Structure formats: C-alpha cells, structure tokens
Amino acid sequence: MNKIRVAIGSENQAKTTAVENIINQVWNNVDFSYHKTNSGVRDQPLNDDEAIDGALNRARQALELGKADYGIGLEGTVDINKHGMFLCGWVVILSKDNIYCPGSSGKMLLPKDFEYRINNGEELGPIMQKLMNDDKNLIRHNEGAGGVLSDGLYTRVMEFEHATRCALVKFVSKDWYR
C-alpha cells in the first residue's frame, strides 16, 4: 500500500501534533512533511472568513511544497460577535484533486482587556508572551492562549485537533459531499 503524503503548512509543534494525532486515527501509512507557509492575511486575523482564507492559502502552499496528496493549513483567529471576542482555530484540508474542507475549533471568550488590545493592533500571541513572561515563545508551541486561559482544559493541541476532525468530513464521508 502506498503511503499517503500529508503536507502540513506549519512548523508549530502544537499544530503539527494536533494534525498528526487526528490524521493517524483516520488514515494508515501516512508520511508527514512540515512547511513554513504564508497565510496571505493579517498576522492577527480578525474574523472567521479571513482565517479560513489564510488556512486555505497555507494548505495550497503546503500541498505544492510537499508534493503531497493532501495539504493542511492552520490559522488561529479571533472573532467578534455581540457577546465579545472569541479565540478560534481553523484548519483547511486540501486534496491534490483541489477538494477542500474547512473545520473550526470551539470558540473561547477572551478577556475584555485582550479584546481592547487586539482592537488596537496587538496580536494575541505577543500579548500572552508579555503577560506570562514567555521570552522563549513556548506558549505558542504548547498550551497556547486557550490553554493558559482555561487552566489546561482546552489547549492549543486540543483546539487544532477539533478543527482537524471537522475539516476531515468531506474526506471521510464523501457520499454526503458529492
């Protein structure tokens, strides 16, 4: 049986671990590659549409760079509604046949101070780094902002595992998505 080649458009350890954890539950004999990609959107996406576009851009680049069967792009975002600003992760899986499917994580309410700072041009990652004295940028590659805010109940790995599960629907239930 041929290996399935999956190119991940990230080198972030939390993101790659999440994708590997879920893909390995669905497909056997997978060969992963990891690629630095550019989202083509703001460093801090401010809505779901922008994050999905960024994840799709990353998936396209990963697919090409990895000469893969599937490219996977991941993008964290914040999204605002009448209840506040929410943290969310998006994953887009793109096949070499140009079939793609986005999937999101759950959404977590951010503190009002974070919302204010993000609305004034700051990014969530650097905000967390400063507040947690994370001079080595370890939070972004491990528990993430969600893990810190939820006291470990919903880590960055969990966030992107959920988004990956949701992004797989077109590929595991093809008959429903003809």
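The values are calculated or read from the model by the stated rules, or taken from the named source; none is laboratory data. Quick caveat, the model's predicted, so the values are computed rather than measured. Glycine also receives a Cβ, built like all others from the backbone with ideal geometry; neighbour counts cover every protein chain displayed.
What the table below lists for this structure:
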{"quantity": "Test: PRO45 is within 15 Å of ALA163 (Cβ to Cβ) and either in contact with a helix residue (DSSP H, G or I) (Cβ under 7 Å, 6 or more places away or on another chain) or not aliphatic (A, V, I, L, M) (or both)", "calculated": "yes"}
{"quantity": "Qualifying residue in the stretch 53-63 (condition: at pLDDT 95 or above, in contact with a Ser or Thr (Cβ under 9 Å, 6 or more places away or on another chain), assigned to a strand (DSSP E or B) and among the basic types (Lys, Arg))", "calculated": "no"}
{"quantity": "Residues satisfying the stated conditions in the stretch 101-159, i.e. touching a Ser or Thr at 6+ places or on another chain (Cβ under 6 Å) and farther than 19 Å from ASP43 by Cβ", "calculated": "GLU143, GLY147, VAL157"}
{"quantity": "Which numbered condition ARG42 fails, given (1) in contact with a strand residue (DSSP E or B) (Cβ under 7 Å, 6 or more places away or on another chain); (2) farther than 18 Å from HIS141 by Cβ", "calculated": "(1)"}
{"quantity": "Cβ-Cβ under 6 Å pairs, at least 6 apart or on other chains, the stretch 160-178 side charged (D, E, K, R), far side at pLDDT 95 or above", "calculated": "GLU161/ALA18; GLU161/ASN21; GLU161/ILE22; ARG165/ILE22; LYS170/CYS101"}
{"quantity": "Pairs, first of a type in the set (Ser, Thr, Tyr) in the stretch 128-149, second surrounded by fewer than 16 Cβ atoms within 10 Å (Cβ to Cβ) and assigned to a helix (DSSP H, G or I), C-beta under 8 Å, six or more apart", "calculated": "none"}
{"quantity": "Top-ranked residue of the stretch 50-101 - restricted to ones that are under 18 Å from VAL172 (Cα atoms) and among the β-branched types (Val, Ile, Thr), ranked as surrounded by the most Cβ atoms within 10 Å (Cβ to Cβ)", "calculated": "VAL91"}
{"quantity": "Cross-chain or 6+ apart pairs with Cβ under 7 Å, the stretch 101-118 first and at negative phi and of a type in the set (D, E, K, R), then at pLDDT below 95 and part of a helix (DSSP H, G or I)", "calculated": "ARG117/ILE127"}
{"quantity": "Filter result for GLU115 (assigned to a helix (DSSP H, G or I) and more than 30 Å from TRP27 (Cα to Cα))", "calculated": "yes"}
{"quantity": "Identity of the residue in the stretch 130-174, of a type in the set (Val, Ile, Thr) and part of a helix (DSSP H, G or I), that ends up farthest from the chain's Cα centre (by Cα)", "calculated": "VAL172"}
{"quantity": "Total residues in the stretch 4-33, condition buried (at least 20 other Cβ atoms within 10 Å of the Cβ) and either of a type in the set (Gly, Ala, Ser) or assigned to a strand (DSSP E or B) (or both)", "calculated": "7"}
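Let's see how each residue does on (1) outside any strand (DSSP E or B); (2) in contact with a helix residue (DSSP H, G or I) (Cβ under 9 Å, 6 or more places away or on another chain); (3) not charged (D, E, K, R):
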position	(1), (2), (3)
ASP49	yes, no, no
ALA68	yes, yes, yes
GLY71	no, yes, yes
THR77	no, yes, yes
MET85	no, yes, yes
ILE93	no, yes, yes
GLY121	yes, no, yes
PRO126	yes, no, yes
